[in-house]
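The structure under discussion appears below in the form of structure tokens.
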Amino acid sequence: MKKPSLKAPGLKKPSFGKSAKPGPSGAEPAVEQPATGRPSSGGGPRTGISLLAAAAVLAAAFGIAELRPPLAPAATGGGGSSTTAQVERTSLVCPQPFQGVTGSTDLTMFTPAGGSAGSASGGSATVTDVGSQSGTPSAAPSGDPSASPSAAASGAPGGARLSLGKVGVPVTGNAATGDTPPGTTAVAGGAYAPGFTVSQTTTVTDSRTAGLSGIGCAPAGTGFWFAGASTLSSRTDYVNLVNADSTPAVVDLKFYGDKGPIEVDAATGLTVAANSTQSLRVASLVKDQVKDLAVQVVARSGRVAAALHTIDEAKGADYVPASADPAATQVLPGLPADAPSAHLVVVAPGDDDADLKIQISGKNGWFTPAGHETIHIKAGMVNIADLNQITRGEVGALRLSPSDPAHPTPVVAALRIDRTQNGKSDYAWISGSNPVGKRASIADNRAGASTVYLTSTGDAATVRLTSSAGSAGGTPVTKEVQIAAGATVGLPAPEPGGLNGVFGLTVETVSGGPVVAARMLAVNTKDIPMFTIQALSDDHSTVQVPHADQDPAVLIHP
């Protein structure tokens, strides 16, 4: 057998073949190894030259590696294995506004000032309407899944609806008008990316559909859970899907009721065209009248943003926030003190039943509401509980946890909160939420209208609240709040000095915790006690970047 050799006249620089791949941390590609038994291009055995050539190749490779050392890591203060860096791009998607003909929708963008990591500069942040493609199936609020596509983005093609001019100062403007406006996509880069957030708030004063609907715009994804849909004749519920990407997505909707999963062929394999908005009325998919439903949205291919909007002619309107992933313990923050009643919807989507304790976080810690100590949910089914006067006139949060810690069963939960004044009402939904982590922000806050709810689910915690300058003027303010273990604190959002316009609110966990948080926006309009509640979630404004050490040996590993 002839021995393999490398072509070596003149000891040429090694050539990296197309199949060579970069090594770790951007190192030069590994040298392509000769295959055993490959005929020598030189014709006969040339052992000496082959060895010299191999040595030259390795020397050259090591030389290249040495000439391109890895970048020096940023200071970490402790010689750790990674460095903290600010994110450089944030992308969010807002759903179609359900505003009817007479309603109006505000979009508010905000990036908090400051940051402990990195020094990102420059960049921009914009909100742009998502265009729709001709012929794409879409269910407009008329309720028919075969209705025409939602309206195309207004203004010049590709033009931004809003642009954020300064970090630390929010900007607000109107969404597209009309009965079937599109969703929007928000993108921030550079200094505008860390902590970038967008709020969408819709006000409708029609007597039949009156209410305040609010939602925090969120990243596109492949899976979402919602508890609280219904097909009763008094309800008008829509699942909204927005595909802001340049490729189509294929989506399945799965429904769960009080008798288990509900097979809906028309909700399987839905194609959501690129750059399009699609809304599907729940009652047009689930034909039977079901009082309480859970909905799972699964993207088989591509990504979408998903939202569930509900209207009850007798109670109000709002979005149901997407729940935290199924888990054995769910915490739902944001119970106002003046909520006379609440409607709990829980689903156990797995193969096991769930037995859960119901607890409320008050000013002194967790307690069990009398008469509502536990709830049992059969596998694959939905169960409900009507909870009246559960907060005892105090602000709070609701926690569901396993009655038997040895038998944890993942669940998804949401709570509808009703408020009535002078015979008129509105409602809001809260869902299982994750802690705020290091920092979280929310954009659309208004003078005399914003209340913050802070719950320390574990140890006592210290939280810092920072209100930004107003969109049209004002001076930022900061306030620290102490929260006892397991307790909830509710307070008006601190307002900027000389406030003019709307302001951004940032919550930071200084010590202790973990802490879950929510913000209620309450605006009385035409004597209707309109309100909406949004949880605040970790803005993930920083990422951990691993350090890379120079290792020329990777060039000769098999």
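Coordinate-derived values only; no laboratory data. Being a predicted model, the structure only gives us computed values, none of them experimental. Using ideal geometry, Cβ is built from the backbone for each residue, glycine included, and neighbour counts are taken over all protein chains shown.
Taking other Cβ within 10 Å of each residue's Cβ, how do His343, His407, His540 sort, fewest first?
Arranged by neighbour count, lowest to highest, His343, His407, His540 become His407, His540, His343.
Label segment 203-281 by shape, choosing from rounded, prolate and oblate, from the square roots a ≥ b ≥ c of the eigenvalues of the Cα gyration tensor; if a/c is under 1.5 it is rounded, and otherwise prolate applies when a/b is larger than b/c, oblate when it is not.
It is oblate, given that a/c is not under 1.5 and a/b is not larger than b/c.
Using 7 Å Cα-to-Cβ label points, what is the Thr205/Gln389 separation (nm, one decimal)?
3.5
Collect residues whose amide H, placed 1.01 Å from N in the peptide plane, falls under 5 Å from the amide H of Gln96; neighbours closer than 5 in sequence don't count.
Long-range HN contacts for Gln96: Gly183.
Return the long-range amide H neighbours of Asp237 (sequence gap of 5 or more, or a different chain), with a cut-off of under 5 Å between placed amide H atoms.
Placed amide hydrogens put Val282, Ala283, Ile311 under 5 Å from Asp237.
Let me confirm the definition first: pairs of Lys residues in segment 326-542, 8 or more apart or on different chains, C-alpha distance under 28 Å. How many are there?
5
Considering just Cα atoms, how many Å³ per residue does the convex hull of segment 166-315 enclose?
131
With a 10 Å radius around each residue's Cβ, average the other Cβ atoms per peptide and rank 373-383, 228-238, highest first.
228-238, 373-383
Please compute the contact order of segment 87-320 in relative form: average sequence separation of alpha-carbon pairs under 8 Å and at least six residues apart, divided by the residue count, as a percent.
Averaging sequence separation for qualifying contacts and normalising by length gives 28 percent for segment 87-320.
Can you tell me the length gained on complete extension of the stretch Asp252 to Thr374, counting 0.36 nm per residue apart and subtracting the Cα distance?
So the chain would gain 40.7 nm between Asp252 and Thr374.
What is the gain in length, in nm to one decimal, between Ser124 and Asn434 on full extension, counting 0.36 nm per residue of separation less the C-alpha to C-alpha distance?
108.8 nm
At a 10 angstrom cut-off on C-beta neighbours, averaged per residue, how do the peptides 442-450, 328-336 rank from highest to lowest?
Top of the packing list down: 328-336, 442-450.
Which whole-number value in Å³ per residue fits the convex hull of the alpha carbons of segment 324-451?
138
When only Cα pairs under 8 Å and 6 or more residues apart are kept, what is the percent relative contact order across segment 272-386?
Value for segment 272-386: 21 percent.
Where q = 0.16, 0.21 Å⁻¹, what log10 of I(q)/I(0) comes from the Debye formula for segment 402-558, counting one point per Cα?
Evaluating at q = 0.16, 0.21 Å⁻¹ gives log10 I(q)/I(0) of -0.98, -1.36.
Considering only C-alpha atoms, what is the centroid distance from segment 454-473 to segment 251-295, in Å?
If we compute the Cα centre of each part, the gap is 37 Å.
Report relative contact order for segment 326-542 in percent, whole number only (criteria: Cα-Cα under 8 Å, sequence separation at least 6).
25 percent.
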